[in-house]
Amino acid sequence: MNEADSSSNEKSGQSVPARIGWAALIVVTLAVCYFSNLGAIGFVGPDEPRYAWIARDMAESGDWVTPRLYGKPWFEKPVLYYWMAAASFKLFGVSEAAARLPSALCALFATLSLAWLAWRFYGEETARWLLLLLPTSVGMIGFSHAAATDMPFSGMLTIAMVCAAVVLGLVRNENTPVLPRTPWLALIFFGFFLGLAVLAKGPAAIILAGGAVFFWTLTTKRWRDAFRLFHPVAIVSFCATALPWYVLCARRNPDFFRVFIIEHNFKRYLTPEFQHIQPFWYYVPVLLAMFFPWLAILVSGVIRTARSSRALQVDSLTLFLLTFPVFCIAFFSISRSKLPGYVLPAAPFIGLLLAKHLTSCLVSSSRARWLASAAGLTLLAFAIAPEFFHLPIPVMTDISPPPLISQLAFFAFLGSLATLLLALVRRPSLALSASGVTILVLLTSGSSQLWQLGEGLSSRHAVQVATQLGMNNQSLQAVTFNLRRDYVYSLQFYLRKQLPEWIPTDANSKLVFTNYEGTLELEKKGVECLHSEVIPPVTLCGAPVMNRARERRRRELSDRPARSGQPR
C-alpha cells in the first residue's frame, strides 16, 4: 500500500452497530489479554522473584536510587521497572498481580500508541485489526504478564519510535492535517520516552533507535529529516529523564558503571559469559511462537514485504516500521547471549505491519479466505496436539495431558471450526474475528484451572503448604537441597530471607525444600518427606512434625472439593 491509497479503508462506511461491536471487542481484548489473571500463578523463572524482591525493598526502605537484592546493590538492570513495581506495591500491596501490573500497562500504552499511528496514516480499519491481532498474540500476552524489564523497555521504546515518526514527518498523508514544521510536543515526548527506555534496560535503547533511524535514512536519503531527532529540545528532554538516576547511582556506588556497563552490557553482548548461547537463527522460531495464532499472516506478510521491497513499492512510514524490527532482530542475532525477551521490541512494529498487510488482503477475497483458513488450521493444530504428545506436561499434575490443556484444546477446536466455516462461506473478516474471540475464550476459560500450572511452575504453593502445616516456626531453619535456582529465588521472595543449601552431615532439624528426586535421596538418608499423588516441583522434607503434617495434608486433599482432573 502506498501513500496515495493509504487511507482508502478509512471510508469503508461501517454501520453504527458494527462500530459499536468493534469497539466492544477491542476493549474486551485489551482488558483480557493484558490484565486478566495477573496474579493467578506465583513468580516463575529466576527474574520475576528477584526483580519483585528489589521493588519490595525499594518500597519498604525508601531508597529509590540503589537497587538492592538480599541487602546488597544489584546492577543487572536499571531502575524503571523497580520504580513502577514499588509504586504498585505501595498502591495495591505486595502481590504477584501488583508486580506484573507495570508490564501490562506498558503493553497497553505501546499498543494504543501504534494504533494511533495506524489510524493517522493507514486508516481506521488497519488500526482496528492492530488492536485485535497484537494483543492476542502469544508474545504480547506472555510478556505483559511477566514481572520483568522486557515489556517496560519495549513499551517505552515503541512510544519513542512513534514520536520519532512524527518528528520525521512520516505521519502525513492526504487526509492528515499539515503538521507544524517543528513538532515541539513530539520532540519532547521522543526524548522523554527514549530516556525512559534507557532507564528500563540501558544503552540498548539508543542503539536500537539510532540504528533503525540510520538504516532508514541510508535507504531513503532523508538525512535532513533524520537530524531533526537531534533537536536541542529532544536532547534536553532525554537528558532530564535518563541522566539524574545514573548520576546519583554512580555517585553512591563507585562500581556501578563497571558492573552495569561493562559486565551486564558489553560482556553480555560480546561474550558467552552468561551462558545464554543460542544459534544465529534462534529468533526465527521465537518470533513464530510470539505471533501464534497469526503465523499465516506473519509468513504471508514477510513474503509480500520482500517482494514489495525489491520492487521499491514501500512508502516511507512502512519502510521505517520495517527497518526497526529488522535491525533489532539482526542486532541481537549477532549477540553471543540470546534470550527470547531481547527481540520483544520488534513485536509491536511487526504487529502493525501484519495489520496493514491483512487490511490490504481483505480487499482480495481469495487471499483473505486463505489467511482466515490458515488461522483456523493453526487453532485446529493446537487443539489436536495434546492427542499426539502423551508425555507428561511439566506442571504440578502428572496427568497427560492435564485437564487444563484438554479444556483449552476443546475450546480451540470449537474456535477452529467456527473460523473455518466462516472462511468457507466467504466471510474472512468474521472468520479472523472468530479466531481472536477464541483466544479470549482460551484466556478466560482456564482461569479456574490455573492452579494446575501455578502449583507446578512456582514455589509459592510449597510455601503455602509449609505455612498451613504450622511449619513457620522461626526456630526451625529452612534450607534447600538440589533445587533449581529459579525455585530457590521464588522461595526466598516468599519467605523474605536467603536460604542456605542443606549439608547432609547436618543432624539438626531442618525444613528442607527440595524436588522429587531430592526427596528420594533424602529418604535414603532416613529423612522424612511429605508426599502426595500429586508431585509439585518443590517438596517439603525433614521437619520434626512431618508425620503429623503428612496425615493432615492427606485429610485436606481428601476433603478438598473435586476439581476437574485433580488426582487423589
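Give me the accessible area of Glu263, 1.4 Å probe, in Å² rounded to the nearest 10.
Probe radius 1.4 Å; accessible area of Glu263 about 50 Å².
Heavy atoms only, 1.4 Å probe, whole protein assembly: order Ile303, Ile334 by accessible area, highest first.
So, going from the largest accessible area down, we get Ile334, Ile303.
Using the C-alpha gyration tensor of the range 73-144, what are the square roots of 5 times its eigenvalues, in whole angstrom, with the largest one first?
Calculated on Cα positions only, the semi-axes equal 30, 13, 11 Å.
To the nearest 10 square angstrom, how much accessible area does Leu298 have with a 1.4 angstrom probe?
20
Roughly how many whole Å is it from the C-alpha centroid of the range 234-249 to that of the range 193-215?
That distance is 13 Å.
Between Leu91 and Ile303, 0.36 nm times their residue separation minus their Cα-Cα distance comes to what?
Once the chain is fully extended between Leu91 and Ile303, it gains 71.6 nm.
Non-local amide H neighbours of Lys510 (under 5 Å, H modeled in plane, Pro and chain starts lacking H): which ones?
none
For Leu483, enumerate residues with amide H under 5 Å from its amide H, sequence gap 5+ or separate chain, H modeled in the peptide plane.
Amide H to amide H, under 5 Å and 5 or more residues apart or across chains, Leu483 pairs with nothing.
What list of ³J(HN,Hα) couplings, whole Hz, do you get for the range 239-244 from phi and the Karplus terms 6.51, -1.76, 1.60, once you set θ to phi - 60° and write x for glycine and proline?
Karplus-based 3J(HN,Hα) across the range 239-244 equals 5, 5, 7, 8, 6, x Hz.
Compute, for Arg228, the solvent-accessible surface of its heavy atoms (probe 1.4 Å) with the complete set of protein chains present, and express it in square angstrom to the nearest 10.
80
Rank these by accessible area, largest first, 1.4 Å probe: Met156, Met84.
So the residues, ranked largest to smallest area, are Met84, Met156.
For the range 115-215, take N as its residue count and report Rg(C-alpha) divided by 2.2 N^0.38 Å.
Here the Cα radius of gyration is 1.16 times the empirical estimate.
When only alpha-carbon atoms are used, what values of Rg and Dmax, in angstrom, describe the range 14-143?
Here Rg and the maximum Cα pair distance are 17.9, 60 Å.
Using the eigenvalues of the Cα gyration tensor, what equivalent ellipsoid semi-axes result for the range 214-273 when each is taken as the square root of five times the eigenvalue, whole Å, largest first?
31, 21, 5
What list of ³J(HN,Hα) values in whole Hz, one per residue of the range 257-268 in order, does the Karplus curve 6.51 cos²θ - 1.76 cosθ + 1.60 (θ = phi - 60°) give from phi, with Gly and Pro shown as x?
Values per residue, Gly and Pro as x: 5, 5, 5, 6, 6, 6, 6, 9, 10, 5, 5, 4 Hz.
Quote to one decimal, in nm, the extra length available between Ser36 and Ile384 on full extension: 0.36 nm per residue of separation minus the C-alpha distance between them.
Extra length from Ser36 to Ile384 when fully extended: 122.7 nm.
Stretched out fully, how many nm does the piece from Leu430 to Ser365 gain, at 0.36 nm a residue minus the Cα gap?
Going from the current span to full extension adds 22.1 nm.
Protein chains only, probe 1.4 Å: how do Val28, Val233, Val171, Val363 rank by accessible area, largest first?
Val363, Val28, Val233, Val171
From largest to smallest, what semi-axes in whole angstrom does the range 348-388 give when each is the square root of 5 times an eigenvalue of its alpha carbon gyration tensor?
Ellipsoid semi-axes (Å, largest first): 25, 15, 4.
Just to check I understand the Karplus step: with θ = phi - 60° and J = 6.51 cos²θ - 1.76 cosθ + 1.60, what whole-Hz values come out for the range 54-68, glycine and proline as x?
4, 5, 5, 5, 4, 5, 7, 8, x, 8, 9, 10, 9, x, 10
The values are calculated or read from the model by the stated rules, or taken from the named source; none is laboratory data. This structure is a prediction, so every number in the text was calculated from the model and none was measured. Protein only, heavy atoms only, side chains kept; ligands, DNA and RNA dropped before computing areas. Shrake-Rupley method; radii C 1.70, N 1.55, O 1.52, S 1.80 Å.
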